[in-house]
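**Q** Here it is, the structure in full.
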Amino acid sequence: MLIAITGATGFIGKRFMELAAEGGHRFVVLARRDPKAPGQVRFLSWSAETRLDAEAMKGVEAVVHLAGEPVAQRWSPEVKKHILQSRVEGTRSIVDAIDLAKGAVKVFVCASAVGYYGSRGDETLAESSAPGTGYLPDVCVAWEAEADKATRLGVRVAKLRIAMVLGCEGGALKTMETPFKLGVGGVLASGDQWMPWIHLDDMARLILYALENQQVSGVLNATSPNPVRNRDFTRIYASVLHRPAILPVPAFALRMLYGEMAQIILANQRVVPEAARKFGFVFQFPDLTMALRQIYPKRLCSKTVSAVVT
Ligand SMILES: NC(=O)c1ccc[n+]([C@@H]2O[C@H](COP(=O)([O-])OP(=O)(O)OC[C@H]3O[C@@H](n4cnc5c(N)ncnc54)[C@H](OP(=O)(O)O)[C@@H]3O)[C@@H](O)[C@H]2O)c1
């Protein structure tokens, strides 16, 4: 099918496009720059403020919307405004274009984040759990509300509350890798906090699954069935990299380094993929050790660090 996609240049978008293109899908890429990606048949210059015309969705049957200002940066008031606006206005722009397509678009898969739940201790968080309070839950609630407007147009909508995505090419591991490989990684704060995570390939497969399976709609937690505490994540990550992890990082140091954004790193979120399992999705990497071993078979992801440690 012809899929319109935003976020094609991003960590998740790139992997998703590779996977979907292998399966014969083709893309209309909506982005700020032309990625000339696999399977791309058309490029449209797009940012969150763009008002698309009826031609934009010509021939398009499905839309995948991943674009958004990166959250993993220091949150100045300006950055917080961009994080919110890029998601709310961006989703509105896409839903307006779906509306103009007058029934041609059948399915809309929209990113959201486990940030929806806030920090909740040991509580098990399924899709029906209430949102948390604070900046990030508010952003996710507003983002999902815009996506829901497509439901009123008769479109099948799947909203993916994405957890920390694990892969070599980007995301959290790209930041964590260097200190761990240098043997200066360690437990964050108390280490008790639950960390939901998902392997990049499962993330890409889940987007494709949501597109291709009629029964999938509503909210799906995009997270492996086995969230781990930070203490266990640290131990497993260090052991897969064959490095020690003995230097704990206190919460105050993270707050000094990252400001308000540190709340993402310190969040306690025991999120489980109840809906994905109910809809029949099978995780290829349900176990963290298995996932990290696939990501780091023998080679080291980052060239700079491999030069230091080999
Ligand atoms: N990766 C994770 O662990 C994770 C976890 C939870 C939720 N998510 C969500 O999943 C989505 C995709 O994540 P990702 O890791 O692939 O993100 P990413 O690598 O940061 O890529 C973000 C994409 O959004 C576009 N973008 C950034 N700022 C934009 C703006 N102001 N207006 C329009 N487009 C903009 C970028 O396009 P340009 O090339 O034009 O910059 C890029 O294609 C994001 O919404 C993210 O919040 C990701």
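**Q** Select from the range 5-38 the residues that are more than 14 Å from the ligand (Cβ to nearest atom), at pLDDT 95 or above and not in a helix (DSSP H, G or I) and list them in ascending order.
**A** Gly23, Gly24, His25, Arg26, Val28, listed by residue number.
**Q** Quick check on this structure: which one of Asp232, Asp202 is over 20 Å from the mean Cα position of the chain (by Cα) and at pLDDT 95 or above?
**A** Asp232
**Q** Does Arg33 satisfy the condition of being touching a helix residue (DSSP H, G or I) at 6+ places or on another chain (Cβ under 8 Å) and either surrounded by fewer than 17 Cβ atoms within 10 Å (Cβ to Cβ) or on the phi > 0 side of the Ramachandran plot (or both)?
**A** In short, no.
**Q** Going through the range 42-59 one residue at a time, which ones are in a loop (DSSP other than H, G, I, E, B) and not small (Gly, Ala, Ser)?
**A** Residues satisfying the conditions are Trp46, Glu49, Thr50, Arg51, Leu52, Asp53, Lys58.
**Q** Taking the range 152-173 as the region of interest, how many residues are assigned to a helix (DSSP H, G or I), hydrophobic (A, V, I, L, M, F, W, C) and within 11 Å of the ligand (Cβ to nearest atom)?
**A** 2
**Q** For residues in the range 52-81 being within 14 Å of the ligand (Cβ to nearest atom) and surrounded by fewer than 16 Cβ atoms within 10 Å (Cβ to Cβ), which is nearest to Leu211 (Cα to Cα)?
**A** Pro70
**Q** Of all residues being over 16 Å from Leu211 (Cα atoms) and among the charged types (D, E, K, R) in the range 82-115, which is nearest to the ligand (Cβ to nearest atom)? Just the residue, please.
**A** Checked the range 82-115; the qualifying residue nearest to the ligand (Cβ to nearest atom) is Arg87.
**Q** Just to be sure, is Pro225 surrounded by fewer than 18 Cβ atoms within 10 Å (Cβ to Cβ), touching a residue at least 40 places away in the same chain (Cβ under 8 Å) and under 19 Å from the mean Cα position of the chain (by Cα)?
**A** So Pro225 passes the test.
**Q** Given (1) assigned to a helix (DSSP H, G or I); (2) exposed (fewer than 14 other Cβ atoms within 10 Å of the Cβ), where does Gly280 come up short, assuming only one miss?
**A** Failed condition: (1).
**Q** Now, a different point. State which residue pairs qualify: first residue free of Cβ contacts under 8 Å to residues at least 40 places away in the same chain and inside the range 76-105, second residue small (Gly, Ala, Ser) in any location, beta carbons under 6 Å apart, and separation of 6 or more residues or different chains.
**A** Note: pairs meeting the criteria are Ser86/Ala48; Ser86/Gly68.
**Q** Considering Ala8, Ala72, Ala4, Ala67, which residue is over 16 Å from the mean Cα position of the chain (by Cα) and not basic (Lys, Arg)?
**A** After applying the criteria, what remains is Ala4.
**Q** Given the options Val114, Val79, Val95, name the one that is more than 19 Å from Glu146 (Cβ to Cβ) and among the β-branched types (Val, Ile, Thr).
**A** The conditions single out Val79.
The values are calculated or read from the model by the stated rules, or taken from the named source; none is laboratory data. This one's a predicted model, so the numbers in the text were calculated from it and none came from an experiment. For neighbour counting, all protein chains shown are included, and Cβ atoms are generated from backbone atoms with ideal geometry for every residue, glycine included.
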